[in-house]
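This report refers to the structure that appears directly beneath it.
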Amino acid sequence: MRTQVAIIGGGPSGLLLSQLLHIRGIDSVVLERKTKDYVLSRIRAGVLEQGLVRLMEEAGCADRMKQEGFEHDGTLLSFGEEMFRIDFRALTGTPVMVYGQTEVTRDLYAAREAAGGEIVYEVDDVVIHDATTDAPHVTFTQAGKAKRLDCDFIAGCDGFHGVSRKSIPQDKRREFEKVYPFGWLGILSETPPLHHELIYANSDRGFALCSMRNAQLSRYYIQCPLSDQPDDWSDQAFWDELKRRLPRAEAEKLVTGPSIEKSIAPLRSFVTEPMRWGRLFLCGDAAHIVPPTGAKGLNTAASDVHYLWTALVEHYAEGSGTGIDTYSEKALARVWKAERFSWWFSSLMHHFPDQTAFDRKMQMAELDFLRTNRAAQVAMAENYVGLPY
Ligand code: RFL
Ligand code: PHB
């Protein structure tokens, strides 16, 4: 097999890149380790920045998002019984779009299939060869058969546990990591959302988040110890704990019901540098992870895709190597700012096991400053709706 761009990983990064390349007449093959149903069963991000909304438009995949997604003009933050709103539209002129990653992925699969794009599922033993030469290739097995894909470039879109990052020799990359001493227990329930905007809550008992997918589908999270398992939490125990972490007036309005999904995600900040090795380019979670506070994971993957897509178009259309040569530097400059915001927002909103009474007072003072200070609100809102790219 031969293609122009071999894309390892059929998550949102790989599919979006493949579809954008297709729109500009560049051919790609996507290699995915799992089945399509498995990829679509993962419940992940829910908030899209305008940058990702625009990329979905460019990719010709925005119709359903525009009909079914919800524009949010602001978000709510609570601490104890206090609750205040950050008005994104008033502060930045920009809303965010609430539309699940599962739906983004579903729309991208549909577009790739409609265009006859090649996605090879259930691949194993993916190995990257000759990435530092002009003729790289990828070998893999599918249904027990050994296969080879020759290409001009390789996009490593295979997430945190993929093979792409690890293919870069250890002495050619540097990794930066912070692991947080807690996780998020998340549930999905077919109940109306608590509020028409998200509520991020800092309470003495730990963090909570009230989010949603649509008018009848809610997504809630509570901070939990890393040693907990989803089965340790009955639905009733989850709802009781969530209510204790919200201002009383909000807790009273919460509509509860059976969960249809329950999982625990660890929180991690991680960046690898550089994001390019010869003709291999890392995109999305393959290169970096953020804690989910602030919803930057998928959105940062999208900005990588933007830089890589435009670099490849420049290469094929104009024969210019500038975009390719500056990809890693440009992507990382934005990645580190998303890392900073996610780390700051996580530090502000969670209960840390080693937190002192002084640390707690600092969180409360910072939240009160954010509640009352316009400059602080502008900084928060600009980061939340997404820095430009
Ligand atoms: P993905 O979504 O992990 O997709 C990578 C794809 O590559 C495949 N793969 C391989 N394919 C071929 N060969 C191999 N050797 C392969 N190894 C892996 C995988 O099967 C998969 O299909 O990465 P991508 O595309 O970069 O997208 C990034 C986003 O998915 C991610 O940033 C966000 O979902 C992060 N994230 C969240 N972000 C938010 O903004 N809000 C959230 O609420 C939120 N929740 C989450 C999350 C990430 C989670 N992970 C990774 C455990 C919850 C979880 C549980
Ligand atoms: C979600 O709806 O899953 C979600 C929303 C906002 C976040 C994280 C997760 O910051």
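The values are calculated or read from the model by the stated rules, or taken from the named source; none is laboratory data. In this text the structure is predicted, and so the values were computed from the model without any measurement. All Cβ positions, glycine included, derive from the backbone under ideal geometry; neighbour counts span all protein chains shown. Ligands, DNA and RNA are stripped out before the accessible areas are found, and what is left, the full protein with its side chains, is counted by its heavy atoms. Shrake-Rupley method; radii C 1.70, N 1.55, O 1.52, S 1.80 Å.
When the residues of the stretch 181-204 are filtered to those that are of a type in the set (D, E, K, R) and closer than 24 Å to Asp232 by Cβ, which remaining residue is farthest from ligand 1 (Cβ to nearest atom)?
Filtering the stretch 181-204 for residues of a type in the set (D, E, K, R) gives 190, 197, 204.
This time we only want the ones that are closer than 24 Å to Asp232 by Cβ, so: 190, 204.
On the way: Glu190: 18, Asp204: 24 Å.
Across the stretch 181-204, the extreme among qualifying residues is Asp204.
State the number of residues belonging to the stretch 241-268 that are closer than 23 Å to Arg44 by Cα and outside any strand (DSSP E or B).
Count: 10.
Does Arg340 satisfy the criteria of being of a type in the set (Lys, Arg), out of contact with any Lys or Arg (no Cβ under 6 Å at 6 or more places or on another chain), open to solvent by 50 Å² or more (accessible area, probe 1.4 Å) and more than 17 Å from Gly183 (Cβ to Cβ)?
When the stated conditions are applied, Arg340 passes them.
Check Asp124, Asp158 and return the single one that is outside the structural domain of Gly257 (by TED's automatic domain parsing) and surrounded by fewer than 15 Cβ atoms within 10 Å (Cβ to Cβ).
Numbers: Asp158 fails: surrounded by fewer than 15 Cβ atoms within 10 Å (Cβ to Cβ).
Criteria check complete, one pass: Asp124.
Among the listed residues Phe84, Phe88, which satisfies the condition of being within 30 Å of Met362 (Cβ to Cβ), aromatic (Phe, Trp, Tyr) and either away from ligand 2 (no atom under 16 Å from the Cβ) or touching a Cys at 6+ places or on another chain (Cβ under 9 Å) (or both)?
It is Phe84.
Hey, any hits in the stretch 280-296 for a residue that's touching a Phe, Trp or Tyr at 6+ places or on another chain (Cβ under 6 Å), assigned to a helix (DSSP H, G or I), open to solvent by 30 Å² or more (accessible area, probe 1.4 Å) and touching a residue at least 24 places away in the same chain (Cβ under 8 Å)?
Yes - at least one qualifying residue is present in the stretch 280-296.
Could we say that Ile7 is in contact with a Ser or Thr (Cβ under 7 Å, 6 or more places away or on another chain), part of a strand (DSSP E or B) and within 16 Å of ligand 2 (Cβ to nearest atom) here?
Here the answer is no, as Ile7 does not meet what is asked.
Within the stretch 214-230, take every residue that is more than 11 Å from ligand 1 (Cβ to nearest atom) and in contact (Cβ under 8 Å) with a residue 60 or more places away in the chain and give me the one that is nearest to Leu370 (Cα to Cα).
Top of the filtered list is Gln223.
Of the conditions (1) within 16 Å of ligand 1 (Cβ to nearest atom); (2) farther than 16 Å from Leu209 by Cβ; (3) among the small types (Gly, Ala, Ser), Ala265 clears all except one; give me its number.
All conditions are met except number (2).
I'm told Arg89 meets every condition in (1) closer than 30 Å to Ser203 by Cβ; (2) in contact (Cβ under 8 Å) with a residue 60 or more places away in the chain; (3) in contact with a Pro (Cβ under 8 Å, 6 or more places away or on another chain) except one. Can you identify the failing condition by its number?
Exception for Arg89: condition (2).
With a cut-off of at least 3 residues that are more than 20 Å from the chain's Cα centre (by Cα), at pLDDT 95 or above and charged (D, E, K, R), name the strands (runs of 3 or more DSSP E) lying wholly within the stretch 106-208. Talk me through it step by step, then tell me what you get.
Details: elements: 118-120, 123-129, 137-142, 145-150, 153-156, 174-189, 199-203.
Counting at least 3 such residues, we get 145-150.
Here is a list of conditions, (1) open to solvent by 10 Å² or more (accessible area, probe 1.4 Å); (2) outside the structural domain of Phe341 (by TED's automatic domain parsing), and Ser320 meets all of them except one; can you say which number that is?
(2)
Can you spot a residue in the stretch 20-34 that is touching a residue at least 24 places away in the same chain (Cβ under 8 Å) and within 30 Å of Phe88 (Cα to Cα)?
The answer is yes, given that some residue of the stretch 20-34 is touching a residue at least 24 places away in the same chain (Cβ under 8 Å) and within 30 Å of Phe88 (Cα to Cα).
Output the residue which, of all residues in the stretch 16-51 that are modelled with pLDDT of 95 or more and in contact with a Pro (Cβ under 9 Å, 6 or more places away or on another chain), is surrounded by the most Cβ atoms within 10 Å (Cβ to Cβ).
Result: Gly51.
Quick check, is Gln216 among the polar types (S, T, N, Q) and surrounded by 19 or more Cβ atoms within 10 Å (Cβ to Cβ)?
Here the answer is no, as Gln216 does not meet what is asked.
Just checking, does the stretch 201-211 include any residue being farther than 21 Å from Ile264 by Cβ and within 16 Å of ligand 2 (Cβ to nearest atom)?
No, the stretch 201-211 contains no residue that is farther than 21 Å from Ile264 by Cβ and within 16 Å of ligand 2 (Cβ to nearest atom).
Ala311 - would you say it is surrounded by fewer than 19 Cβ atoms within 10 Å (Cβ to Cβ), part of a helix (DSSP H, G or I) and without any contact (Cβ under 8 Å) to a residue 40 or more places away in the chain? Give the derivation first.
Numbers: surrounded by fewer than 19 Cβ atoms within 10 Å (Cβ to Cβ): no; part of a helix (DSSP H, G or I): yes; without any contact (Cβ under 8 Å) to a residue 40 or more places away in the chain: yes.
No; evaluated as a whole, the condition is false for this residue.
Do we have any residue at all in the stretch 326-333 that's assigned by TED's automatic domain parsing to the domain that holds Gly51, open to solvent by 20 Å² or more (accessible area, probe 1.4 Å) and basic (Lys, Arg)?
Scanning the stretch 326-333 turns up at least one residue that is assigned by TED's automatic domain parsing to the domain that holds Gly51, open to solvent by 20 Å² or more (accessible area, probe 1.4 Å) and basic (Lys, Arg).
Going by the structure shown, is Ser211 within 16 Å of ligand 1 (Cβ to nearest atom), more than 30 Å from Thr132 (Cα to Cα) and in contact (Cβ under 8 Å) with a residue 40 or more places away in the chain?
On the way: within 16 Å of ligand 1 (Cβ to nearest atom): yes; more than 30 Å from Thr132 (Cα to Cα): yes; in contact (Cβ under 8 Å) with a residue 40 or more places away in the chain: yes.
Here the answer is yes, as Ser211 does meet what is asked.
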